[in-house]
Amino acid sequence: MKKLLLLSITAVFISCGTAKRIDALGTSTSTTQKKRVALPSSNPTQIAIDVQYLASDELKGRETGSEGIELAATYLAERFEQMGIQPYGQNYRQPFTVNDLSGNNIVAIIPGSDKDLMKEVVVIGAHYDHIGMIQAVAGDSIANGANDNATGTASVMAVADLFKRLDFNRRTIVFALFSAEEKGLVGSRQLAAQMKAAGENVVAMINFEMTGTPMVNREYLAYLTGYDTSNMGEILNRENENRIVTGKLEAAAQMNLFMRSDNYAFYQEFKVPSQTISTFDFTNFEHYHQVGDEISGVDAQHMAKVVDATLPGILFIVNENGLKMNALPNE
């Protein structure tokens, strides 16, 4: 695809010393040892490029079933191929049809390196669809969906790139970009059911949703939906020594956002920690499902900070034991 020829991606290098330390972790992955590894940083320029293309007018709001979302699917599949990450199955596209609705999840995989833990799967995902064309405002009828959810999609691509560069994951990682989230979590429900039927042992699902704008007056960088359902938030915070990564946003709990994004499909199927990382706090973004959700409202530097801050905790979840569900009062 010609747009990929225009990408200017800044390479992230891992020193020989770091590589040797990662090799040493092949037999022991204690937290103390892991903190000696200098993790690579994400590339905000590439993040901005991904968001800009996905939210461009050419894609006309990426509604499931449209020509625009097919262009997005092609772009994302080519990005995975460019990174050297193999498809999940025969093709990056995982098609589904529900009633009259057809779509494609874009799914890639990095197999685990441990002969036992590789049988366990961590899913890292986001939805890449949006709502398409809506009633015009000042002559603009394209709901570009930059923050919702080109930002989450670009964040998953950034995490995938970092794990490919690290080349260190004991568990298998599946990177899943869902279609038809806006139609009722259809794409994620389909993929979760397919993975369940195939006997996949999914042990965690980490979802990125609307990460394009910084939170206002919060000590933590992002919030985690369903915060009390597991100890995922504690792990993300513990593994980053530099800042508080996640917290519990009361507004998200009141709006029950835990059940309103693609993490929930995996929670329903596998009953494992399945949560969404977001920075949309109901005060810092005014263009939800509106034509004003444009690239101009997205902060790629902030997005890179979110990816980099969560990476140590995600690395722990992928390589170590300790992530667990919490016992909830109503269960």
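The values are calculated or read from the model by the stated rules, or taken from the named source; none is laboratory data. What you see is a predicted model; the values in this text were computed from it and never measured. Backbone-built Cβ (ideal geometry, glycine too); neighbour counts: all protein chains shown.
How about the range 297-330: which of its residues are in contact (Cβ under 8 Å) with a residue 40 or more places away in the chain and among the polar types (S, T, N, Q)?
From the range 297-330, those in contact (Cβ under 8 Å) with a residue 40 or more places away in the chain are 297-320, 322-326, 328; that's our starting set.
Listed by number, the residues that qualify are GLN301, THR310, ASN319, ASN326.
Has the range 292-303 got at least one residue that is over 15 Å from ASN149 (Cβ atoms), at pLDDT below 95, surrounded by 14 or more Cβ atoms within 10 Å (Cβ to Cβ) and over 18 Å from the mean Cα position of the chain (by Cα)?
Within the range 292-303 (the criterion being over 15 Å from ASN149 (Cβ atoms), at pLDDT below 95, surrounded by 14 or more Cβ atoms within 10 Å (Cβ to Cβ) and over 18 Å from the mean Cα position of the chain (by Cα)), the answer is yes, since at least one residue qualifies.
Within the range 7-17, identify whether any single residue is of a type in the set (Ser, Thr, Tyr), modelled with pLDDT under 65 and in a helix (DSSP H, G or I), and answer yes or no.
Initial filter on the range 7-17 (of a type in the set (Ser, Thr, Tyr)): 8, 10, 15.
With the extra rule that they be modelled with pLDDT under 65, the set shrinks to 8, 10, 15.
Okay, now just the ones that are also in a helix (DSSP H, G or I), so none.
So far as the range 7-17 goes, no, none of its residues is of a type in the set (Ser, Thr, Tyr), modelled with pLDDT under 65 and in a helix (DSSP H, G or I).
Among the residues of the range 237-247, is any within 26 Å of ALA193 (Cβ to Cβ), modelled with pLDDT of 95 or more, touching a helix residue (DSSP H, G or I) at 6+ places or on another chain (Cβ under 9 Å) and part of a helix (DSSP H, G or I)?
Kept after step one, since they are within 26 Å of ALA193 (Cβ to Cβ), are these residues of the range 237-247: none.
Checked the range 237-247: no residue is within 26 Å of ALA193 (Cβ to Cβ), modelled with pLDDT of 95 or more, touching a helix residue (DSSP H, G or I) at 6+ places or on another chain (Cβ under 9 Å) and part of a helix (DSSP H, G or I).
Would you mind listing the strands (runs of 3 or more DSSP E) fully within the range 135-212 where at least 1 residues are small (Gly, Ala, Ser) and over 15 Å from the mean Cα position of the chain (by Cα)?
Numbers: elements: 140-142, 172-178, 201-208.
Of the strands (runs of 3 or more DSSP E) lying wholly inside the range 135-212, those with at least 1 residues that are small (Gly, Ala, Ser) and over 15 Å from the mean Cα position of the chain (by Cα) span 140-142.
For the range 49-85, give me each residue that is of a type in the set (Gly, Ala, Ser) and assigned to a helix (DSSP H, G or I).
Our first condition is that a residue be of a type in the set (Gly, Ala, Ser); within the range 49-85, this holds for 55-56, 61, 65-66, 68, 72-73, 77, 84.
GLY68, ALA72, ALA73, ALA77, listed by residue number.
If you go through the range 282-295 one residue at a time, do you hit one that is outside any loop (DSSP other than H, G, I, E, B) and on the phi < 0 side of the Ramachandran plot? Walk me through how you get there before you give the answer.
Of all residues in the range 282-295, those outside any loop (DSSP other than H, G, I, E, B) come to 295.
Now restrict to residues that are on the phi < 0 side of the Ramachandran plot: 295.
Yes, the range 282-295 contains a residue that is outside any loop (DSSP other than H, G, I, E, B) and on the phi < 0 side of the Ramachandran plot.
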